[in-house]
Amino acid sequence: MDSAALTAAALTMMGDRRADAQPPASHTAPNETDPGPQNLPLAAENPDSEWSPPTDSGTVKPFKYSFALARKRVLSGGWTRQVTARELPVSTTIAGVEMRLTAGGVRELHWHVEGEWAIMLNGNARITAVDQEGKSFVSDVSQGDLWLFPPGIPHSIQGLGPDGCRFLLVFDDGNFDEFHTFLITDWLSHTPQEILAKNFNVPQSNFDKVPKKELFIFQAGLPGDLKAEQAQGAEGTGSVPRRFDFKASTMKPTKVTRGGEVKIIDSKIFPVTPISAAIVTLKPGGLRELHWHPNADEWQYYITGKGRMTVFAAGSTARTMDFEEGDVGYIPISNPHYIENTGDSDLVFLEMFKTSEYRDISLAEWMAHTPHLLMNQHLGVGMSMLDSIPKQEMVVTPV
């Protein structure tokens, strides 16, 4: 495709909003021409950065990074890549990891200082863990299901048939590093064999085949029968008192409107989690209404579709950016924003928070429950409009 065609495509995308939106500006005035070097494909993917809405103002720190720019570490049983505060400096409270495991591929037994929240993006996996009382957890998870491993709890993940799995991991520290976790092979290879033999009261030769370096992600055969492995793990101590997985795939939405739906998952319904989440689906033209979160920064992951978001950072500063599958977004605590579906298919994304309780404040709900005379004195929108605002939070519009 030549540069003229790419430019036309970029302008088309900038105008591809809802049918009732204002026609896009042509941006052909002499002061808007750009005869220099250009990355036209990137501009076409980011129309609201190439030509920002006139409501954008000032300098707002970038709040977007794409997993497509992150380095993949590829091993025999799959691959992994991460987006942390090193890639997205504003993301101080949460980091994310994408991982793919083959059928039989194992993310080796390990643990973290941080809590690990996860969602299955596709496929199936078996997860295992043992808590501080020696109680076991073994479960199979499928697309849309979640898990949470608390800090310090050792665990593993293994892809199942027919084609393994892919999932997103979320950690409650922006500086988390997936490549510096506590691994069982790495630990034992750096412990003297005589100490290992004394610890387990067996000959040193038992440890001759311990790998000399970490396995991290490796290929193995498929695991055994689920019920048999659950019974073996629970011998002597029993199972964990609170499950580490949550079947979000079968959960009824928390809110449904004509514009889409949202599932809110926090410690109220998933008691073990210190991380709260919302799984949001917006239909074409749908809007995650204007709102903010008063108790935590928001980390986003875009699963499918295309959208845009404007973040207002106070002091007359605001910026709009475009998002699509595999992108990460980040909004500091209490910064108001919206997310709009700008594509022709469903937009599905995650909202993640380093807090056990999900909270948000809706602009519409605030306006509906403030004396309307006072609100109209501020905005001049008319009493009839204020009277017509729904008294319950909409979350997703249109309703």
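The values are calculated or read from the model by the stated rules, or taken from the named source; none is laboratory data. Small disclaimer: the values here were computed from a predicted structure and weren't measured. Glycine also receives a Cβ, built like all others from the backbone with ideal geometry; neighbour counts cover every protein chain displayed. Areas reflect the complete protein model, heavy atoms only, side chains present, ligands, DNA and RNA absent. Shrake-Rupley method; radii C 1.70, N 1.55, O 1.52, S 1.80 Å.
Here are some notes:
- In plain terms, if you count all Cα to Cα distances in region 79-131 and split them into 10 Å steps from zero, the share in each step is 17, 50, 28, 5 percent.
- Relative contact order of the chain, defined on C-alpha pairs under 8 angstrom at six or more residues apart (%): 17
- When region 128-187 is reduced to its Cα atoms, the Kirkwood hydrodynamic radius in Å: 13.6
- Rg over Rh for region 121-251 works out to 0.98, both radii taken from alpha-carbon positions and Rh defined as the Kirkwood radius.
- Accessible surface of region 252-299, 1.4 Å probe, proportion on carbon and sulfur as whole %: 60
- For region 202-308, GluC sites (Glu not before Pro) meeting the loop criterion (DSSP other than H, G, I, E, B) and having at most 11 other Cβ atoms within 10 Å: Glu235.
- Lys61 versus Glu235: modelled label distance in nm, points set 7 Å from Cα along the beta carbon direction: 5.2
- Dmax and Rg, reported as Rg then Dmax, of region 211-263 (C-alpha, Å): 19.1, 57
- D (Stokes-Einstein, µm²/s), Kirkwood Cα radius, region 342-399, 1.002 mPa s at 20 °C: 154
- Computed across region 245-309, the Kirkwood radius stands at 13.4 Å (inverse of mean 1/r, all Cα pairs).
- Net +/- balance of residues flanking Asp297 in space, Cβ distance below 14 Å, scoring K and R +1, D and E -1: -2
- Sorted largest first, the principal axis extents computed over the alpha-carbon atoms of region 191-307 equal 66, 33, 32 Å.
- Separation in nanometres of the label points that stand 7 Å from Cα toward Cβ, at Ser26 and Gln219: 5.9
- When the alpha carbon gyration tensor of region 31-73 is reduced to an equivalent ellipsoid, its three semi-axes come out at 24, 17, 9 angstrom, largest first.
- Protein heavy-atom accessible surface, 1.4 Å probe, per residue over the chain: 49 Å².
- Mean projection area, nm², convex hull over Cα of region 287-347: 3.9
- Phi-derived couplings, Karplus 6.51 cos²θ - 1.76 cosθ + 1.60 at θ = phi - 60°, listed residue by residue for region 73-80: 9, 9, 10, 5, x, x, 8, 8 Hz, with x used for Gly and Pro.
- Dipole magnitude (debye, nearest 20) for the chain, charges at Cβ of Lys, Arg, Asp, Glu: 600
- Intensity falloff of the chain expressed as log10 I(q)/I(0), Debye formula with alpha-carbon point scatterers, at q = 0.06, 0.11, 0.13 Å⁻¹: -0.30, -0.88, -1.14
- Taking the protein heavy atoms of region 80-125 in the context of the full set of protein chains, the accessible area attributed to carbon and sulfur is 60 percent at 1.4 Å.
- Of the chymotrypsin sites (Phe, Trp or Tyr not before Pro) found in region 51-94, no site is in coil according to DSSP while having at most 16 other Cβ atoms within 10 Å of its Cβ.
- Shape summary of region 52-117, radius of gyration then Dmax from alpha carbon positions: 16.3, 52 Å.
- Summary value for region 291-399: 31 percent relative contact order, contacts being C-alpha pairs under 8 angstrom separated by 6+ residues.
- Most fluctuating residue given options Thr317, Thr93, Thr84, as computed from a GNM of the chain linking Cα atoms under 10 Å: Thr317
- At most 15 other Cβ within 10 Å, DSSP loop - trypsin sites (Lys or Arg not before Pro), region 193-247: Lys209, Lys212, Lys213, Arg242, Arg243, Lys247
- The chain: angle of helix 3-15 to the longest principal axis, Cα-based, in degrees nearest 10: 80
- Solvent-free Debye calculation, one equal scatterer per alpha-carbon of region 248-399: log10 I(q)/I(0) at 0.10, 0.13, 0.15, 0.19 Å⁻¹ equals -0.36, -0.62, -0.82, -1.25.
- Max mean-square fluctuation residue, GNM over the chain, Cα-Cα springs under 10 Å, options Ala29, Ala68, Ala278: Ala29
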